[in-house]
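Here's the structure, in structure tokens; my notes come after.
The values are calculated or read from the model by the stated rules, or taken from the named source; none is laboratory data. Quick caveat, the model's predicted, so the values are computed rather than measured. Every residue, glycine as well, gets a Cβ built from its backbone with ideal geometry; the counts of neighbours run over all protein chains shown.
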């Protein structure tokens with residue numbers, strides 16, 4: 001068992017109280033018509049996201065997605081049929097999975113700075129704009 005100091009306990013309590021003052025989930029449901037999970041916050045704001053964009057929900061069936069529970073005083077969303085959980089404060093920051101999973105997603109953090117696909121799009125955009133090609137000494141333009 002780990003023992004906390006009085007200061008550590010007070011700091012942890014303050015963090016918990018701050019989380020409870022922020023937006024939390026009041027309810028959640030799956031809207032099959034729009035293919036979106038909709039979370040209504042305690043502030044009255046609703047947020048929605050496609051299941052394919054969330055770790056653990058990508059290949060879920062409609063029945064899997066319809067079973068949603070709000071847990072941990074609104075700080076968590078649980079999908080019991082999938083054993084998948086979302087942390088609402090992270091969800092509000094656009095975090096839809098673990099750091100490792102998020103980093104592996106296309107377009108995550110802007111993706112690679114240079115890729116053949118990005119170069120092709122850049123060339124096509126340049127041709128449409130009518131600007132002349134940049135000539136680099138000793139290399140390709």
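Of the conditions (1) over 29 Å from residue 15 (Cα atoms); (2) in contact with a strand residue (DSSP E or B) (Cβ under 7 Å, 6 or more places away or on another chain); (3) in contact (Cβ under 8 Å) with a residue 24 or more places away in the chain, residue 67 satisfies every one except a single condition; which number is it?
(3)
Table: residues versus (1) in contact with a helix residue (DSSP H, G or I) (Cβ under 9 Å, 6 or more places away or on another chain); (2) closer than 23 Å to residue 105 by Cα; (3) assigned to a loop (DSSP other than H, G, I, E, B); (4) modelled with pLDDT of 90 or more.
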| position | (1), (2), (3), (4) |
| --- | --- |
| 4 | yes, no, yes, no |
| 15 | no, no, no, no |
| 19 | yes, no, no, no |
| 29 | yes, no, no, yes |
| 38 | no, yes, no, yes |
| 44 | no, no, yes, yes |
| 48 | no, yes, no, yes |
| 60 | yes, yes, yes, yes |
| 90 | no, yes, no, no |
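In segment 62-77, what count of residues is obtained for those that are over 23 Å from residue 104 (Cβ atoms), in contact with a helix residue (DSSP H, G or I) (Cβ under 7 Å, 6 or more places away or on another chain) and in a helix (DSSP H, G or I)?
Number of matching residues: 2.
Given the criterion buried (at least 16 other Cβ atoms within 10 Å of the Cβ) and out of contact with any strand residue (DSSP E or B) (no Cβ under 7 Å at 6 or more places or on another chain), identify the matching residue among 8, 55, 17.
The match here is 55.
I need the full set of residues from segment 79-90 which are surrounded by fewer than 19 Cβ atoms within 10 Å (Cβ to Cβ), closer than 18 Å to residue 23 by Cβ and without any contact (Cβ under 8 Å) to a residue 60 or more places away in the chain, in order please.
Answer for segment 79-90, where residues must be surrounded by fewer than 19 Cβ atoms within 10 Å (Cβ to Cβ), closer than 18 Å to residue 23 by Cβ and without any contact (Cβ under 8 Å) to a residue 60 or more places away in the chain: 85, 87, 90.
Looking only at residues that are farther than 21 Å from residue 24 by Cβ and surrounded by 13 or more Cβ atoms within 10 Å (Cβ to Cβ) in segment 92-106, which one is modelled with the highest pLDDT?
Result: 105.
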